[in-house]
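S.K.: Before I ask anything, let me first share the structure, which is written out below as structure tokens.
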Amino acid sequence: MPLALLALAISAFGIGTTEFVMMGLLPDVADDLGTSVPTAGYLVSAYALGVVIGAPLLTALGSRIPRKRMLVSLMAVFTVGNLASALAPTFGLLIAGRLLAGLPHGAFFGVGAVVAARLVREGRQARAVATMFLGLTVANIVGVPAATLLGQRLGWRATFLVVAVIGLAAMAALARLVPPLPADERTGLRRELRALGNGQVLLGLLTTVFGFAGIFAVYSYLASMLTEVTGFTAGSVPMVLALFGIGMTLGALAAGPLTDRALRPTLYGSLAALALVLTVFHFTARVTWAAPVTVVVIGAVGFLTTTPLQMLVMNKAQQAPTLAAASNQSAFNLANAGGAWAGGLALSAGWGWTSPTLVGAVLAALGLAVALLAGLLDRGARDTSRIVARSGPAETERAVDGADGAVWAGDRTDRGGRQLS
């Protein structure tokens with residue numbers, strides 16, 4: 001794998017750390033800035049809102065910017081946002097800092113996924129994208145616990161200062177390791193928007209919203225389930241949450257090769273497994289030894305869905321995959337918010353601490369239903385969508401078979417009409 005993928009993974013590590021660390025720092029922030037914990041919870045929503053707004057906006061604005069410069073610029077915005085968060089004197093300015101830090105999130109993963117696919121040979125694109133996403137999983141195992149501990153010991157501002165330093169390191173790695181990759185001059189905002197309107201792309205985004213919402217219907221209330229139902233102490237909960245991160249990593253490692261081999265079957269299988277294991281967790285949450293095991297499996301099958309979902313929308317977006325890939329990150333964040341909301345409704349209705357597991361299972365099943373519908377509509381139709389890779393003046397098109405997502409390389413001619421091999 002190219003070293004450039006390491007730069008993308010480092011960037012993903014920083015993004016994943018700042019996205020999830022706020023959950024553990026809410027009491028410290030609330031106490032320092034004189035507000036309540038529920039009010040401080042708006043800091044989580046502010047970041048998610050930044051992702052939803054920034055993904056299509058920044059991707060569209062940067063559609064003609066060379067990919068390497070675009071990645072470095074997005075990480076610069078991310079770094080400034082975290083630095084502003086660390087220095088924010090008031091709660092309102094901290095909200096603004098979190099919103100700014102979230103703006104480049106979706107656009108970075110959208111551009112980064114396309115860049116990762118361009119860096120490797122045919123048949124390994126999904127593995128390259130999964131390698132980038134490994135940064136997110138490692139953030140949940142190492143970055144978030146370490147950053148939370150740092151914030152508790154030295155103050156929450158220290159956490160965001162460290163994340164800003166990670167952002168600077170990521171910018172240096174991107175500048176040093178990512179090769180120059182020009183933006184596709186045939187791709188503009190109008191073409192990207194047309195690609196986003198593709199029915200298969202929209203169904204892919206809808207699959208993300210429902211399928212991934214199933215995970216966050218449970219993950220949002222996992223700590224409470226472990227203490228109220230399983231019987232763990234509050235001090236042992238971070239260890240179990242780290243097990244969830246380990247499961248995510250295992251899922252990410254498996255997702256790349258499986259998606260390269262058979263995209264849709266991997267997506268169907270992971271969503272079906274997710275619905276099943278969330279249902280099982282409704283019962284195993286009451287068993288001390290079984291609950292942590294189930295948490296690992298939830299993390300694994302949950303994150304197994306991310307690579308095929310990302311590759312699906314990229315492949316179906318024809319020759320303008322960047323906006324679709326970025327919009328998929330917005331869909332993931334909508335799933336985060338929607339899943340937490342749906343799980344909260346079940347708890348508010350008095351259905352018990354384990355009720356979000358069944359809500360999550362239903363959401364995952366709905367995601368599977370949408371994915372199956374998309375597959376049926378796509379069956380028999382050859383997908384001519386292509387991820388375009390460039391190497392100097394030559395252009396190689398990588399096309400994706402609509403039946404199973406397998407990547408193949410097609411010959412084409414250059415602007416002078418000469419055949420390219």
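S.K.: May I ask you to say which residue of Pro145, Pro89 is within 28 Å of Ser45 (Cα to Cα), touching a Pro at 6+ places or on another chain (Cβ under 7 Å) and not hydrophobic (A, V, I, L, M, F, W, C)?
M.R.: The match here is Pro145.
S.K.: Check region 306-314 and report whether any residue there is under 19 Å from Leu274 (Cα atoms) and of a type in the set (Ser, Thr, Tyr).
M.R.: Within region 306-314, one or more residues are under 19 Å from Leu274 (Cα atoms) and of a type in the set (Ser, Thr, Tyr).
S.K.: Further question: Does Phe20 fit the bill of being surrounded by fewer than 24 Cβ atoms within 10 Å (Cβ to Cβ), within 19 Å of the chain's Cα centre (by Cα) and of a type in the set (Phe, Trp, Tyr)?
M.R.: When the stated conditions are applied, Phe20 passes them.
S.K.: Quick check on this structure: which one of Leu334, Leu271 is at pLDDT 95 or above, more than 22 Å from Glu228 (Cβ to Cβ), of a type in the set (A, V, I, L, M, F, W, C) and under 18 Å from the mean Cα position of the chain (by Cα)? Give the derivation first.
M.R.: Working: Leu334 fails: at pLDDT 95 or above.
None of the other options fit; the residue is Leu271.
S.K.: Within region 85-141, which residues are at pLDDT 85 or above, surrounded by fewer than 24 Cβ atoms within 10 Å (Cβ to Cβ) and touching a strand residue (DSSP E or B) at 6+ places or on another chain (Cβ under 6 Å)?
M.R.: Within region 85-141, Arg118 is the sole residue that qualifies.
S.K.: For region 179-220, which residues satisfy the criterion of being at pLDDT 85 or above, over 18 Å from Met314 (Cβ atoms) and open to solvent by 40 Å² or more (accessible area, probe 1.4 Å)?
M.R.: Once the filter is applied, which keeps residues that are at pLDDT 85 or above, over 18 Å from Met314 (Cβ atoms) and open to solvent by 40 Å² or more (accessible area, probe 1.4 Å), region 179-220 yields Pro179, Pro180, Phe210.
S.K.: Can I ask one more? Among the listed residues Gly151, Gly167, Gly155, identify the single one that is in contact with a Gly (Cβ under 6 Å, 6 or more places away or on another chain) and modelled with pLDDT of 85 or more.
M.R.: From the options Gly151, Gly167, Gly155, the qualifying one is Gly167.
S.K.: I would also like to ask the following. Tell me which residues, restricted to region 239-267, are at pLDDT below 85 and open to solvent by 40 Å² or more (accessible area, probe 1.4 Å).
M.R.: Of everything in region 239-267, those that are at pLDDT below 85 and open to solvent by 40 Å² or more (accessible area, probe 1.4 Å) turn out to be Met239, Leu241.
S.K.: Which residues, taken from region 273-289, are of a type outside the set (Val, Ile, Thr) and surrounded by 17 or more Cβ atoms within 10 Å (Cβ to Cβ)?
M.R.: Ala273, Leu274, Ala275, Leu278, Phe281, His282, Ala285, listed by residue number.
S.K.: Right, another one. From the list Ser63, Ser45, Ser85, Ser11, pick out the single residue that is among the hydroxyl-bearing types (Ser, Thr, Tyr) and touching a Ser or Thr at 6+ places or on another chain (Cβ under 7 Å). It would help to see each step written out before you state the result.
M.R.: Details: Ser45 fails: touching a Ser or Thr at 6+ places or on another chain (Cβ under 7 Å); Ser85 fails: touching a Ser or Thr at 6+ places or on another chain (Cβ under 7 Å); Ser11 fails: touching a Ser or Thr at 6+ places or on another chain (Cβ under 7 Å).
Every option except Ser63 fails the conditions.
S.K.: Would you confirm whether or not region 144-161 contains a residue that is part of a helix (DSSP H, G or I), under 17 Å from the mean Cα position of the chain (by Cα) and in contact (Cβ under 8 Å) with a residue 40 or more places away in the chain?
M.R.: Scanning region 144-161 turns up at least one residue that is part of a helix (DSSP H, G or I), under 17 Å from the mean Cα position of the chain (by Cα) and in contact (Cβ under 8 Å) with a residue 40 or more places away in the chain.
S.K.: If we scan region 227-238, do we find a residue that is outside any helix (DSSP H, G or I), modelled with pLDDT under 90 and open to solvent by 10 Å² or more (accessible area, probe 1.4 Å)?
M.R.: yes
S.K.: So for region 294-304 (the condition being closer than 30 Å to Leu61 by Cα, surrounded by 20 or more Cβ atoms within 10 Å (Cβ to Cβ) and touching a Leu at 6+ places or on another chain (Cβ under 9 Å)), does at least one residue qualify?
M.R.: Yes, some residue in region 294-304 is closer than 30 Å to Leu61 by Cα, surrounded by 20 or more Cβ atoms within 10 Å (Cβ to Cβ) and touching a Leu at 6+ places or on another chain (Cβ under 9 Å).
S.K.: Hey, another quick one. Out of region 142-169, which residues are open to solvent by 50 Å² or more (accessible area, probe 1.4 Å) and of a type in the set (A, V, I, L, M)? Explain how you work it out, then say what you get.
M.R.: Here is the first cut: in region 142-169, the ones open to solvent by 50 Å² or more (accessible area, probe 1.4 Å) are 142, 145-146, 149, 152-154, 157, 161-162, 165, 168-169.
Listed by number, the residues that qualify are Val142, Ala146, Leu149, Leu154, Leu161, Val162, Val165, Leu168, Ala169.
S.K.: Here's another thing I want to ask about it. Looking at Leu377, is it farther than 28 Å from Tyr42 by Cβ, part of a helix (DSSP H, G or I) and either out of contact with any Ser or Thr (no Cβ under 9 Å at 6 or more places or on another chain) or modelled with pLDDT of 90 or more (or both)?
M.R.: It is true that Leu377 is farther than 28 Å from Tyr42 by Cβ, part of a helix (DSSP H, G or I) and either out of contact with any Ser or Thr (no Cβ under 9 Å at 6 or more places or on another chain) or modelled with pLDDT of 90 or more (or both).
S.K.: Residue check: is Ala172 open to solvent by 50 Å² or more (accessible area, probe 1.4 Å) and either at positive phi or modelled with pLDDT of 95 or more (or both)?
M.R.: yes
S.K.: Counting just the residues of region 317-331 that are open to solvent by 10 Å² or more (accessible area, probe 1.4 Å) and in contact with an Asp or Glu (Cβ under 8 Å, 6 or more places away or on another chain), which one comes out modelled with the lowest pLDDT?
M.R.: Gln319
S.K.: Is there any pair linking a residue in region 48-76 that is open to solvent by 60 Å² or more (accessible area, probe 1.4 Å) to one that is not in a helix (DSSP H, G or I), with Cβ under 7 Å and at least six apart or on different chains, and which?
M.R.: Listed pairs, sorted by first residue: Arg64/Ala183; Arg64/Gly188.
The values are calculated or read from the model by the stated rules, or taken from the named source; none is laboratory data. Everything numeric in this text was worked out from a predicted model, so none of it was measured. Every residue, glycine as well, gets a Cβ built from its backbone with ideal geometry; the counts of neighbours run over all protein chains shown. With ligands, DNA and RNA removed, areas are computed over all heavy atoms of the protein, side chains included. Shrake-Rupley method; radii C 1.70, N 1.55, O 1.52, S 1.80 Å.
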